[in-house]
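J.: This is the structure I want to talk about, given as structure tokens.
Read-outs: derived from the displayed coordinates by stated rules, not from any lab. What you are looking at is a predicted structure, and each value in this text was computed from that prediction instead of being measured. Cβ placement follows ideal geometry from the backbone for every residue including glycine, while neighbour counts extend to all protein chains displayed.
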Amino acid sequence: MKYLLFILYFTTTFLVSGQSPLQKVLNDIHSKPFFKHASLGVCVRDVTDGQLIATLSKDKMMNPASTLKLITTLTAKSTLGTTFRFKTTLSHDGVLKDDGTLHGNIYIQGSGDPTLGAGRIPGNANMKEWENYVVNEIKASGIHCIEGDIVALVNNQTSAPLGDSWQWHDIGNYYASGSWSLNINENLYSIYYNRNMNLGETAKLSYIEPYIPNLKISTCVSVDSQHTEDKAYIFGTPYNYQRDVQGTIPQGKSLFRIKGAIPDPPLFLAYRLFTALGQHHIDGSHYRTQLDTFSDFNKIHTYVSPPLAEIIRYTNDQSINIYADALLNSIGQSSFVKKNAEILKLILQKDGLDVTAIHIEDGSGLSARNLVSPDFMTTFLVKQMTTMTASDIPNLMPTVGERGTVKNLLAQSPAKGKMWAKSGSMDKTLAYAGYCRTASGKLVAFSVMLNGSVARTMKENKIELEEILDAIYRFS
């Protein structure tokens, strides 16, 4: 009864004011003191005809955070196809003798597979399983001794494949590893700390996994209250093996894990294969990287990734930066992130979209310089529905209240299970974008962006935006 009266009230308001029920709710929400100093952008469109249903500052360019992944992943779907797979090729350039001795080098050539040795997607091998698989392929080819090197071929990069505008306190941490021509284990390693000590004391580094040759850790991490968040950051640039860890971690009895970015993933991959072969008594001379130039090598085996459709689902479900940036690189086919971002923008323009209100500097949304208007985001999402059906949506992004980074969103709302969204957050920023099957049965595309929030916690931002998302479901 209360819900019916609520609907009746806003329907009456609509008839009197000429505003849609949702627009009235958004205006009321926007007038709250919480938004006084913040920028709030909202846009809701009917997927059927693209008509606007309600907006707030829809044309203002704002930081979309990880909701940018929707643009990257769905463009990859359209450009590369859902059956696309990354390929990693194993080959040699030598002469194989009858006794199993290879006089030459073993080469690993990649296409940027971000899932290589990750084990995150069911059925995809983790790092150890992948190494054993490759060793067995080398054995099956008849090679039992290598008089040469294990060589990881790298593309023509004059610098590391990171976003030009990524922030210093991000670089060195796992989520800012970048996507290289060869990736392994999502380019991450873990540092484990003993934190079972008094507040303010320095946490003790317990161990690092996996082992990375020449890696040096300088740590100044202190223990904070057990109710605090992880506020420890790893500082260090690609190719540099000195890492400085600073900040605080919550007090506790168990070991605490901090994840860092491997300084040189292709070299680390060569090292891991070199070591794995040695454990099987297939010794090589050394391991190294080399510029990838066209050569007619003798192919041993080609390893393929899971299909793109699965990669997209995990990218958006778990907001995996390396996956999104790998897809951007595959779309652009350049060695430089910024160039690939420009190519993505050109593709959007060729698809008939007005790209005035979008500026992209990476594929993952990590850059604070990424800018997208809520209007562009919803126009893009409506356009995507011309090449897919509503039943495809849950396979491309998580269901609100059920899965992924939005599993705990709208838990007490009837919108739970009726909305599919990508979340995005960074300091003073929270955003949601996706699709909703509303209470009236419409399928709508929506974008909600909050920038410059003065809230002290992300939970406060979430509570305020949940009210908007709930309204989109009830009143669209």
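J.: If packing is taken as the mean number of other Cβ atoms within 10 Å per residue, what is the order of 135-142, 20-27, 417-424, 94-101, highest first?
T.: Details: 135-142: 15.4, 20-27: 20.8, 417-424: 23.5, 94-101: 12.8.
In decreasing order of mean packing, 135-142, 20-27, 417-424, 94-101 become 417-424, 20-27, 135-142, 94-101.
J.: Now a separate question. Going by average Cβ density within 10 Å per residue, which order do the peptides 108-115, 291-298 take, highest to lowest? Walk me through the intermediate numbers first.
T.: Details: 108-115: 23.5, 291-298: 11.1.
With the highest mean Cβ count within 10 Å placed first, the list reads 108-115, 291-298.
J.: Further question on the same structure: Could you tell me the extents of segment 87-304's C-alpha atoms along the three principal axes, largest first, rounded to whole Å?
T.: Result, largest extent first: 65, 36, 32 Å.
J.: I want to check the label-to-label distance for H30 and S190. Put each point 7 Å from Cα in the C-beta direction and report it in nm to one decimal.
T.: 4.6
J.: Next question, about the same structure. At a threshold of 8 angstrom on Cα-Cα distance, excluding pairs fewer than six apart, so keeping six or more, what relative contact order does the chain reach in percent? Working shown, then result.
T.: Numbers: 1087 pairs, mean separation 106.9, N = 476.
Relative contact order here is 22 percent.
J.: While we're here: Given points 7 Å out from each Cα along the Cα-Cβ axis, report the M458 to D230 separation in nanometres with one decimal.
T.: 1.1
J.: Within segment 87-304, how many Lys pairs that are eight or more residues apart, or on different chains, come under 19 Å at the alpha-carbon?
T.: Going through segment 87-304 pair by pair, I get 14.
J.: Measure up K442/K462; K36/K350; K24/K60; K339/K459 against 30 Å on the Cα-Cα distance and list the ones that go over.
T.: Numbers: K442/K462 25 Å; K36/K350 38 Å; K24/K60 20 Å; K339/K459 36 Å.
The pairs that break the limit, which is 30 Å between Cα atoms, are K36/K350; K339/K459.
J.: Something else about it: 5 Å is the cut-off here: which amide hydrogens, built 1.01 Å from N in the peptide plane, fall below it relative to S423, excluding neighbours closer than 5 in sequence?
T.: none
J.: V95 to K350: extension gain in nm, 0.36 nm per residue of separation minus the Cα-Cα distance? If you can, show how the numbers build up before the last one.
T.: Numbers: separation 255, 0.36 × 255 = 91.80 nm, distance 4.89 nm.
So the chain would gain 86.9 nm between V95 and K350.
J.: What share of the DSSP beta bridges in the chain is antiparallel, in percent to the nearest 5?
T.: Values: 64 of 86 bridges.
Roughly 75 percent of the beta bridges in the chain run antiparallel, per DSSP.
J.: Output the relative contact order of segment 375-476, whole-number percent, from Cα pairs under 8 angstrom with separation of 6+ residues. Each step should come with its number before you reach the end.
T.: On the way: 160 pairs, mean separation 23.1, N = 102.
RCO, segment 375-476: 23 percent.
J.: Same structure, new question: ³J(HN,Hα) across segment 96-109 via Karplus (A = 6.51, B = -1.76, C = 1.60, θ = phi - 60°), whole Hz, x for Gly/Pro?
T.: Rounded to whole hertz, the list is 9, 7, 4, 7, x, 8, 9, 8, x, 9, 9, 10, 10, 10.
J.: Rounded to the nearest 0.05, what FRET efficiency do H301 and E129 give with R0 = 22 Å and r taken as the Cβ-Cβ distance? Could you check?
T.: The formula returns an efficiency of 0.90 here.
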